[in-house]
Amino acid sequence: MKYLMDYQEGERVVAFCLIKNKEAGVASNQSEYLNLELGDRSGTIMAKLWDVNAEMKEWINVKSVVKIDAAVQMYRGKKQLVIQRIRPAAASDEVQMESLIPISPVPVDELWTKLTHAVDSLQSATLKAIIQEALATEEIQDRLRHYPAGVRMHHNYYHGLLEHIVSLLTAAQSLLPLYPHVDRDVLYATCILHDIGKLYELSDPIAPDYTTPGQLIGHLVMGVEMVSGICQKLDISVGDAEVLHLKHCILSHHGEVENGWGSAVSGKTPTAVMFHYLDQIDSKMNALSQTLGDMTEEEEWAYAGVLRRKVWRGY
């Protein structure tokens, strides 16, 4: 089965896909058109739909599943689709959602097993209780098994957040023997809970956007609020040293405040500083992997948004 990113210039595409974004415009002849961002499990591609009528504007919406008949063209060095025909998917098409969105290459059950093993390994009764309570509800479990880690920057695919968490835990386990002054349990707890607020900062796992609370408060503060709520429920003191340390690591994990990356406070413990760099490594390596994977065999350089510069694939 071919997916959107498998098609080359000049080929005809007849496929089901998900509308991830749309933008209306008016052509020089005053006819309306739509710029659409279409996606399936291979990635996303921009598409142009000309001569849009009122009926089409009514049903062509973000998160709609559609069937397209389109041609692949090159525009400013990138592939784009020019749609000839489009219709909404019907129940009889039996389109599988897993074919429409990028998905982690690691099976979700495998990731979940590794996560639960990490939780079981915690020595701190306080931190273990907080994490177990956080993961106890069906809603949290369902979201964590499906949500991406972000809209665009890294691990931006189905159960990408869970993959990110497990990757961080794996890196932490490897590096901890080198740094005995880092608090293992707080580091593990931070790996698991640092982005827990994203489960409510983002709207959904299919075509995620930022919720109103996500834009007004942000996932760092939302995560700390969740931890505080759990502590209140479990009658854990707000002055508990491990809880304070965990909250500090969550609030500082985007790095020094002066960088302007969203931290509420700069890291003030070895554990907080180490976690920030672990998070940076994992997020950037994932984003760069996606950048390199999207390059054609002929391309030697490509722009990496995560670094805001071009990267080289000539090695």
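The values are calculated or read from the model by the stated rules, or taken from the named source; none is laboratory data. This one's a predicted model, so the numbers in the text were calculated from it and none came from an experiment. All Cβ positions, even for glycine, are placed from backbone atoms using ideal geometry, and neighbour counts span all protein chains on display.
Some points to look at:
- Checking ASP142 against (1) under 28 Å from ASP195 (Cβ atoms); (2) of a type in the set (Asp, Glu); (3) outside the structural domain of VAL166 (by TED's automatic domain parsing); (4) part of a helix (DSSP H, G or I), the condition it does not meet: (3)
- Pairs are defined by a Cβ separation below 9 Å, a sequence spacing of at least 6 or placement on different chains, a first member in region 172-186 that is in the same structural domain as LYS268 (by TED's automatic domain parsing) and surrounded by fewer than 18 Cβ atoms within 10 Å (Cβ to Cβ), and a second member that is among the basic types (Lys, Arg) and part of a loop (DSSP other than H, G, I, E, B); no pair meets this definition.
- Some residue of region 83-95 being within 25 Å of ASN286 (Cβ to Cβ) and either surrounded by 11 or more Cβ atoms within 10 Å (Cβ to Cβ) or under 26 Å from the mean Cα position of the chain (by Cα) (or both): no
- Long-range neighbours under 9 Å by Cβ, at least six apart or interchain, first residue touching a residue at least 12 places away in the same chain (Cβ under 8 Å) within region 220-242, second surrounded by 12 or more Cβ atoms within 10 Å (Cβ to Cβ) and among the aromatic types (Phe, Trp, Tyr): MET222/TYR200; MET226/TYR200
- Scanning region 224-241 for residues being under 17 Å from THR190 (Cα atoms) and crowded, with 18+ Cβ neighbours inside 10 Å gives a total of 5.
- Among the residues of region 99-113, those identified as closer than 14 Å to GLN141 by Cα and buried (at least 17 other Cβ atoms within 10 Å of the Cβ) are LEU111, TRP112.
- Check on VAL221, assigned to a helix (DSSP H, G or I), modelled with pLDDT of 95 or more and buried (at least 20 other Cβ atoms within 10 Å of the Cβ): no
- Candidates SER92, SER99, SER124, filtered to the one that is farther than 18 Å from VAL166 by Cα, touching a strand residue (DSSP E or B) at 6+ places or on another chain (Cβ under 7 Å) and either of a type outside the set (A, V, I, L, M) or without any contact (Cβ under 8 Å) to a residue 12 or more places away in the chain (or both): SER99
- Filtered by the rule that a residue be farther than 17 Å from VAL186 by Cα and part of a helix (DSSP H, G or I), region 242-277 gives VAL257, GLU258, ASN259.
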